[in-house]
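Enquirer: Got a structure for you, questions after.
The values are calculated or read from the model by the stated rules, or taken from the named source; none is laboratory data. Since we're looking at a predicted model, the values are computed, not measured. We place every Cβ from the backbone using ideal geometry, glycine too, and count neighbours over all the protein chains shown. Areas reflect the complete protein model, heavy atoms only, side chains present, ligands, DNA and RNA absent. Shrake-Rupley method; radii C 1.70, N 1.55, O 1.52, S 1.80 Å.
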Amino acid sequence: MGVGPAVAQSNETANQTDGEQVAQAEEDAVRIIDNETRVTDWSYEPGRFTLEIEAGEPTTISITESGAFEEGAKSFNYGERELDEGTQTVTFMVSPRQGQKGAAVAIATQKSLDAGGGAIVSTGMVESNPFRHFGGETGLFSGVLISVGCAGIGAWYVVRSEESGVVEA
């Protein structure tokens with residue numbers, strides 16, 4: 001009779017520990033794909049996402065480009081990767097798009113699709129440099145300085161070439 005409460009208490013402690021571990025794993029995850037698979041870290045370089053994905057069991061993930069597409073877009077990238085249990089690095093190429101302001105990928109497993117969802121990893125809106133047509137800030141400011149310098153040299157030449165200063169402008 002004295003064993004019953006002790007056994008119940010140890011089971012309750014085990015359940016709390018498992019729940020705390022699941023809660024901690026969810027906090028560590030950047031994006032949860034399903035209850036067994038999550039994105040723990042990611043990075044983006046132009047044209048390529050690198051994803052750290054943690055799987056609780058061997059599974060297959062589907063990855064596709066996501067986000068806004070321009071009118072008349074002709075293609076998108078899609079891939080499937082087999083994952084073992086544990087953390088793996090997955091690299092996924094995205095198509096360059098003219099005027100692209102950001103990039104995103106959608107990731108799903110069969111479990112997440114059955115539940116009606118998945119995860120999206122996005123760079124968000126990346127602001128482009130408004131001075132890019134002038135060579136960036138350096139090109140713009142050096143162009144302004146060269147123009148002002150040329151105007152100054154032209155004014156100096158006009159003043160120096162007149163014998164008694166500027167007579168008629």
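Enquirer: Any idea of SER75's accessible area? Nearest 10 Å², probe 1.4 Å.
Expert: Near enough 70 Å² of accessible area.
Enquirer: Follow-up question, since we're still on this one. Hey, what do the phi angles of segment 80-89 turn into as Karplus ³J(HN,Hα) couplings, whole Hz, using 6.51/-1.76/1.60 and θ = phi - 60°, x for Gly and Pro?
Expert: 10, 10, 8, 10, 8, 5, x, 9, 10, 9
Enquirer: Further question: Using 7 Å Cα-to-Cβ label points, what is the PHE141/ASP84 separation (nm, one decimal)?
Expert: For PHE141 paired with ASP84, the spin-label model returns 5.2 nm.
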